[in-house]
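Here's the structure, in structure tokens; my notes come after.
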């Protein structure tokens with residue numbers, strides 16, 4: 001479904017029953033079990049690349065080739081973020097304690113406040129693409145609907161006019177935004193373990209800057225940070241952009257049953273093994289939203305079951321190629337900003 005409105009969204013009278021039948025099919029296929037061998041290998045590989053990247057910074061040292069290492073580390077940071085995501089969803093460990101410890105370690109490795117991000121992401125999963133309830137649709141910089149555009153003030157009003165053209169350039173700031181948002185969240189007294197998160201967060205910043213200023217001249221260190229954080233943000237934003245942007249946006253009291261709420265607001269991205277690795281399994285976004293704790297390597301196998309079940313229910317199952325998903329996301333952003341392009345009121 002390509003529309004960004006909720007008109008015509010099918011609702012189920014027997015709330016939950018359609019999902020219950022699907023859940024039994026998935027359980028019978030054995031797709032909800034842990035994959036310890038897979039995650040042991042993946043964690044070892046990503047940790048090895050992380051250590052190797054910083055070792056390369058030390059070895060290359062005072063040379064502009066260090067910026068190539070910065071680009072490499074940007075991708076590695078993205079992979080660490082994907083591991084933190086899987087840990088938070090208990091895909092790696094079934095127990096909460098082990099999941100939180102591993103998630104915090106991964107979050108610390110990239111300068112992300114784990115508690116803040118987990119709270120935000122949990123609210124997104126509960127109400128994906130809901131104009132008022134999904135924090136990923138907050139109009140803090142971009143506007144995601146024409147209603148938000150009409151109410152926009154400040155930067156969203158200025159940027160929103162041409163946000164489709166500015167979207168990917170703005171993603172280069174997403175890495176910095178991740179750090180800033182993590183720090184700002186520490187002021188929220190309701191945040192659990194905020195003292196621990198704050199200590200880990202500032203420890204990351206201290207070690208990160210100390211290592212760079214120790215190994216590189218100040219000018220090169222600044223260039224390294226710009227390339228590393230810029231490409232990290234671009235990669236991070238590109239991981240999530242295809243998933244919901246351009247899909248129906250729920251408003252007000254729109255409340256489809258769980259299956260339809262997750263399926264109709266999500267989009268899958270077709271591809272093979274490389275796509276699974278690059279997007280960390282988030283290319284199977286529909287299956288991930290239906291079964292958040294399912295290990296990512298099982299999502300591809302679940303796809304056939306979920307798609308067939310949706311066909312039986314006559315529920316739209318959106319799946320496109322990667323480039324098409326970006327095109328649809330950008331088209332949605334351009335459409336959302338239309339009222340601002342036609343507005344006579346100065347920004």
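We did not get these values from a lab; they are worked out from the coordinates using the rules stated. Just so you know, these numbers come straight off a predicted model, no measurement behind them. Glycine also receives a Cβ, built like all others from the backbone with ideal geometry; neighbour counts cover every protein chain displayed.
Relative contact order for the stretch 217-347: what is it in percent, counting Cα pairs under 8 Å that are at least 6 residues apart? Each step should come with its number before you reach the end.
Numbers: 111 pairs, mean separation 35.7, N = 131.
Across the stretch 217-347, relative contact order equals 27 percent.
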State the three equivalent ellipsoid semi-axes of the stretch 252-333, derived from the C-alpha gyration tensor as the square roots of 5 times its eigenvalues, in descending order and whole Å. 20, 17, 12
Which of 63, 296, 190 comes first, and how do the rest follow, when ranked by fewest Cβ neighbours within 10 Å? 190, 63, 296
For the chain, what relative contact order do you get, as a whole percent, if you take Cα pairs closer than 8 Å and at least 6 residues apart? 29
In µm²/s, what is D for the stretch 58-189 at 25 °C and 0.890 mPa s, where D = kT/(6 pi eta Rh) by Stokes-Einstein and Rh is the Kirkwood radius from Cα pairs? 144
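For 284, 179, what ranking results if the residue with the fewest other Cβ atoms within 10 Å of its Cβ goes first? Spell out each step's value before the answer.
On the way: 284 27, 179 19.
Ranking 284, 179 by Cβ neighbours within 10 Å, fewest first, gives 179, 284.
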For the stretch 248-289, list residues with backbone N below 12 Å from a point placed 7 Å from the Cα of residue 29 toward its Cβ? 287-288
By per-residue mean of other Cβ atoms within 10 Å, what is the highest-first order of 27-40, 114-127? 114-127, 27-40
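Please compute, over every Cα-Cα pair in the chain, the percentage with a separation greater than 36 angstrom. Working shown, then result.
Numbers: 13494 of 60031 pairs.
Above the 36 Å cut-off, the chain has 22 percent of its Cα pairs.
Which ordering of 220, 247 is given by a fewest-first count of other beta-carbon atoms within 10 Å?
220, 247
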